[in-house]
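For reference, the structure is listed below as C-alpha cells.
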Amino acid sequence: MMNTRKTEILVGLFIAAGLVALFMLAMKVSNLNIYSDDSGYEITASFENVSGLKVKSPVEMAGVRIGRVSDISFDGERFEAIVKIRIESKYNTLPKDTSASIYTAGLLGEKYVGLEPGGDEENLQDKDKLKLTQSSLVLEKLISRFVDSFIDKDKK
Amino acid sequence: MLNFIQGLGHSGLTFFQRLGRANILFGQILAGVPGILLRWPLIIQQLYYVGVLSVLIILVSGFFVGMVLGLQGYNILVDFGAEETLGVMVSLSLVRELGPVVAALLFAGRAGSALTAEIGLMKATEQLSAMEMMAIDPIRRVLTPRFLAGFISMPLLAAIFSAVGIMGGDFVGVGLLGVDEGAYWSQMQASVDLYDDILNGVIKSIVFGVVVTWIAVFEGYDAIPTSEGVSRATTRTVVHSSLAILGLDFILTAIMF
C-alpha cells in the first residue's frame, strides 16, 4: 500500500493539472476574454441583405474589434434584416451618424460589420438605430453583373 | 431450425438480463454516493489509480495527436493558402471530438480494464463475499468510489488531452512549419466558443466517463468468478466501452452541433 500522503499529493496535482487545462481551454483557446455579453450597449441597424453574417460576428471600427453581432432578425413589413450590435461600454463616444457596412475578411473569409464614424456632435446611446447602412456583398450577384456587362459588350 | 430460434431467444434473454442487472447496479452505485462523499480518502485512493496513473498516456498521445493534426492540417490548408486557420482546425477537432473520444478510448483501455480485472479478481477470490459477511456492502465500499473516481477523472483527462494537443499543434504548425503564431492563436480564439465548443466537449467527456466506468465496474462485478471469466470480462469492458463511446459520440454530436 502506497504512502497516503504521497497519493494525496499526486491526486491533488492531477486535479490541479486538469483544472489548469480546462482554464487554459477557456481563457486561451476560446473567446471568453472578448465575450462579455452583458456589458456595453446595444444599437440596431437594418440591412437589405446580411447574407453570411452570423450572430457573434465581429463588429469593427478602423479595423479594431469593438463589439459583436448579438442578434439577427427579419422585419416582415419592410423586408429587411435587423441586426442588433452590442458594443463594448468603453467605446461610448461613437457619433450618432455612424454608418455600418458588411464586409468580408479576405476574399472568402467570414463576414463582419464595419462601422465608419460620422461627424455628429452627439454620441450613440443604447437602443439607437443606425441610419446609414450598406448591404453585404453577394458574390453571385457581382459575378452575374460582371458576366452581363460582357454580354452587353458583345452585342454592341 | 428450432435450435437456432432457441439460441436466438437465449442470447436475447441473456442480453436483457445483463442490461437489467447493469441498471440495477447503477442505481445501487448512485445510492451509495452520498455515503461515500463523507469518506474522501477512499475516493482519493481510487483517483490515484484511475486518474493519476492515466495522465502519462493521455499526455503523450494528446501531444502526438495534436502534432499529427498540425501536420496533416497544414498540408491540406496550405493548398488553399489558408494555413493561418490551422489553429482553428486543430483546436476545434480536439475540443469537440478527439479530446473527449480518444481520451475516453485510452481511459477505457488503461483504467477501465484495470477496474474490471481488479473487481473480478476480488469476486473470484471471494473478497466481496467476505465483505458481505462482515456486513459491509461491497457495492458501496468497492464500486461507488471507483465509479466516482472515473466520473471525476474523465473530464479532467479529456481537458488535459485537448490542451496538450493544441500545444502539440502549435509546436508543429508554428515551431516547425512556420505558421504565424499570432494567427494560430487569434484565429483560434475568434472561432472557438466557450459554451458551444468547450462546454459541450466537457459534457461529452462526463458522459463518456460515466459510461466507461459503469461498464467497467459492472463487468467486473458480473464476471464469472474464474480466471477465464475475469479475462473475458476485461476484454468485454474494452470492447463494449469503445463501442459505446463511438456510438454515443455520434448521438451527442448530432444533438450538440
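Observations
- Single match in B:LEU157, B:LEU143 (criterion: in contact (Cβ under 8 Å) with a residue 24 or more places away in the chain, more than 14 Å from chain A (Cβ to nearest Cβ) and either in contact with a Phe, Trp or Tyr (Cβ under 7 Å, 6 or more places away or on another chain) or farther than 20 Å from B:ILE57 by Cα (or both)): B:LEU143
- Every residue from region B:32-68 that is under 16 Å from B:GLY169 (Cα atoms) and over 21 Å from the mean Cα position of the chain (by Cα): B:MET67, B:VAL68
- Residue count for region B:185-230 satisfying the condition of being touching a residue at least 60 places away in the same chain (Cβ under 8 Å), over 24 Å from A:LYS56 (Cβ atoms) and surrounded by fewer than 20 Cβ atoms within 10 Å (Cβ to Cβ): 6.
- Criterion applied to A:GLU8, A:GLU80 was being more than 30 Å from B:LYS204 (Cβ to Cβ) and at pLDDT 85 or above, and the one residue passing it is A:GLU80.
- Among residues of region B:69-84 being touching a residue at least 40 places away in the same chain (Cβ under 8 Å) and not aromatic (Phe, Trp, Tyr), the one that is most open to solvent (accessible area, probe 1.4 Å) is B:LEU71.
- Hits in region A:10-31 - residues which are under 33 Å from the mean Cα position of the chain (by Cα) and open to solvent by less than 50 Å² (accessible area, probe 1.4 Å): A:GLY18, A:ALA21, A:LEU22, A:MET24, A:LEU25, A:ALA26, A:VAL29, A:SER30, A:ASN31
- B:VAL60 open to solvent by 10 Å² or more (accessible area, probe 1.4 Å) and either within 26 Å of B:GLY99 (Cα to Cα) or at pLDDT 95 or above (or both): yes
- The set of residues from region B:144-168 being surrounded by 24 or more Cβ atoms within 10 Å (Cβ to Cβ) and within 15 Å of B:LEU37 (Cβ to Cβ) comprises B:THR144, B:PRO145, B:ARG146, B:PHE147, B:ALA149.
- Test: residue in region A:35-44 that is over 20 Å from B:SER191 (Cα atoms), at pLDDT 80 or above, crowded, with 18+ Cβ neighbours inside 10 Å and within 11 Å of another protein chain (Cβ to nearest Cβ): no
- Among the residues listed as B:ALA233, B:ALA183, the single one being over 22 Å from A:LEU25 (Cβ atoms) and not hydroxyl-bearing (Ser, Thr, Tyr): B:ALA233
- Of all residues in region B:2-33, those being open to solvent by less than 100 Å² (accessible area, probe 1.4 Å), in a helix (DSSP H, G or I) and not charged (D, E, K, R) number 18.
- Check on A:LEU94, under 23 Å from B:GLN187 (Cβ atoms) and either away from every other protein chain (no Cβ under 14 Å) or among the hydrophobic types (A, V, I, L, M, F, W, C) (or both): no
The values are calculated or read from the model by the stated rules, or taken from the named source; none is laboratory data. Since the model is a prediction, treat every value here as computed from it, not as a measurement. Methodologically, a virtual Cβ is constructed for each residue, glycine included, from the backbone with ideal geometry; neighbour enumeration extends over all protein chains shown. Only protein heavy atoms, including side chains, enter the accessible area calculation; ligands, DNA and RNA are left aside. Shrake-Rupley method; radii C 1.70, N 1.55, O 1.52, S 1.80 Å.
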